[in-house]
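Structure record follows, encoded as C-alpha cells.
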Amino acid sequence: MEEMKGGGKVLEKDGCYGIDFENVSFRYKEDGNDALRSVSFRLAPGTINAFVGPSGAGKTTAVQLLGRYWDLNSGTIKIGGTAISELKTENLMDLSAFVFQDIFLLEDTLLENIRMGSGASEEKVREAAKAAQIDEFIMSLPKAYQTRIGAEGVRLSGGQQQRISIARAILKDAPIVIFDEATSYADIENEHKIQIALQNLLKGKTTIMIAHRLYTIRNADKIIVFQDGSVTEQGTHEELVKKDGVYSRMWDACTKSAFGKEEI
Ligand code: ADP
C-alpha cells in the first residue's frame, strides 16, 4: 500500500477535542463491500461515547480510521475541527491512546512494558500503575517492576494485560482515549478494578468505548449504534430506549438476561 502522508498541522497535546465523522465511507478492498457507509456523528469534547452493535458492524473500523490506519474512500474525519489528513502523522499518534485487552507485550520488564520508550521516570510509571490498579499486583512479585514478562518470565491474565494497557494510556495522557471493552472478564474483582482504572484514565478526555455489554455504558454521553456499516441510531440511553428501535430491543434482551450482562 502507498504510504500515507500526513499534513503539516499540529494540535496541542494538552487540549480537549471533539471528533467529527462526516459522511465517512470505507472499504478494505477496491472490489469489496463497504465496511462503513456514509457514517456521520459528532462527539463533543471531554465526553464519554460508546459504539455498540453486532460483530462486524464497523465499530473497530471506525476507531482505526480515526487513528488513520487507512485512508477513507470518501468523507472527512476531524479532530478539534481539523481533518486528520491535515495533521502531522506524529501529532495524530500523540493525540490518541488505544486500550485493548490483547496488547503488545515487550519481552522485557514490567517497568519497560508500561514505560514503552516514553522516557518517563520510575516514579511516574508507578503513579500510572497505581491509578491503573496494577501496582499492588506488581509489588507482590519478588522482583516487582523488574519482573520480566514473556516466554521466560511471568504470564499475565487478560485483565492484568488490560490494566497494563490502561497504565500505558495514563502515562501517555493523550486527549482522546479509545477503549475496547473486554468481551469477558475472568472475575468480578478484576472487572471492578478495571472500572476504577478507567475512571482514573478518562478524566477530561474525549472517550470512545467499544462496548460489548450494554450495562456498562448506560451513562455514556452519547451512544452510537452501528449496523452493517451504517450508523442507524445515536443519542443517550434514555433517548434510544424511548425510540423503540434496535437499541431498545438490545436493551430489552440485556435486562431479561440473568444478570443484565449479556454480551451484544
Ligand atoms: P466490529 O468492530 O463492529 O465487529 P469491524 O469494523 O471489525 O466490525 O468489521 C466491519 C467489516 O469489515 C466486517 O465485514 C469485517 O469482516 C470487515 N473487516 C474488518 N477488518 C478487515 C480487514 N482487515 N480486511 C478486510 N475486511 C475487514
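The values are calculated or read from the model by the stated rules, or taken from the named source; none is laboratory data. If you're wondering where the values come from, they're calculated on a predicted model, not measured in any experiment. All Cβ positions, even for glycine, are placed from backbone atoms using ideal geometry, and neighbour counts span all protein chains on display. Heavy atoms of the whole protein, side chains included, go into the accessibility calculation; ligands, DNA and RNA do not. Shrake-Rupley method; radii C 1.70, N 1.55, O 1.52, S 1.80 Å.
Quick notes
- The gain in end-to-end length when the residue 236 to residue 25 segment is fully stretched comes to 73.5 nm, 0.36 nm per residue minus the alpha carbon separation.
- Dipole of the chain, positive end: most advanced residue of 212, 106, 131 [Cβ charges, Cα centre]: 131
- Per residue, the range 101-173 exposes 53 Å² of solvent-accessible protein surface, assessed with a 1.4 angstrom probe and all protein chains in place.
- Point-charge dipole on Cβ atoms (K/R +1, D/E -1) for the range 54-152, about Cα centre, debye to 20: 280 debye
- In this label model, residue 203 and residue 215 are separated by 2.8 nm, measuring between points 7 Å along each Cα→Cβ vector.
- Dipole of the chain, positive direction: furthest Cα of 21, 250, 60, with charges on the beta-carbon: 250
- Put simply, when 84-95, 58-69 are sorted by average Cβ atoms within 10 angstrom per residue, most first, you get 58-69, 84-95.
- Size of the range 97-182 as Cα extents on the principal axes (Å, biggest first): 35, 27, 21
- For the pair residue 42 and residue 253, the difference between a 0.36 nm per residue extended length and the Cα-Cα distance amounts to 73.2 nm.
- Only beta bridges with both residues in the chain are counted; by DSSP, about 50 percent of them are antiparallel.
- Placing +1 on each Lys and Arg Cβ and -1 on each Asp and Glu Cβ, with no other charges, gives the range 112-259 a dipole about its Cα centre of roughly 200 debye.
- When only the Cβ of Lys, Arg, Asp and Glu is charged (+1, +1, -1, -1), the dipole of the range 12-256 relative to its Cα centre reaches about 280 debye.
- Across 203/256; 13/143; 59/256; 130/205; 78/203, pairs whose alpha-carbon gap is larger than 28 Å: 203/256; 13/143
- For the range 12-256, diffusion coefficient by Stokes-Einstein and Kirkwood Rh (Cα), 10 °C, 1.306 mPa s, µm²/s: 84 µm²/s
- By accessible area, using a 1.4 Å probe on protein heavy atoms only, the range 12-256 has 47% of its surface on carbon and sulfur.
- Computed over the range 130-264: relative contact order in percent, which uses C-alpha pairs under 8 Å that are six or more apart: 21 percent
- The chain, helix-only ellipticity at 222 nm - DSSP H runs n ≥ 4, -39,500 (n - 2.57), divided by all residues, nearest 500: -9000 deg cm²/dmol
- Simple spin-label estimate for residue 13 and residue 148 in nanometres, 7 Å along Cα-Cβ: 3.0 nm
- Highest average first, the peptides 243-252, 159-168, 27-36, 131-140 ordered by how many other beta carbon atoms sit within 10 Å of their residues are 159-168, 131-140, 243-252, 27-36.
- Residue among 150, 226, 83 farthest towards the positive dipole end of the range 12-256, charges placed on Cβ: 226
- The range 126-259 - share of DSSP beta bridges that are antiparallel (%, nearest 5): 45 percent
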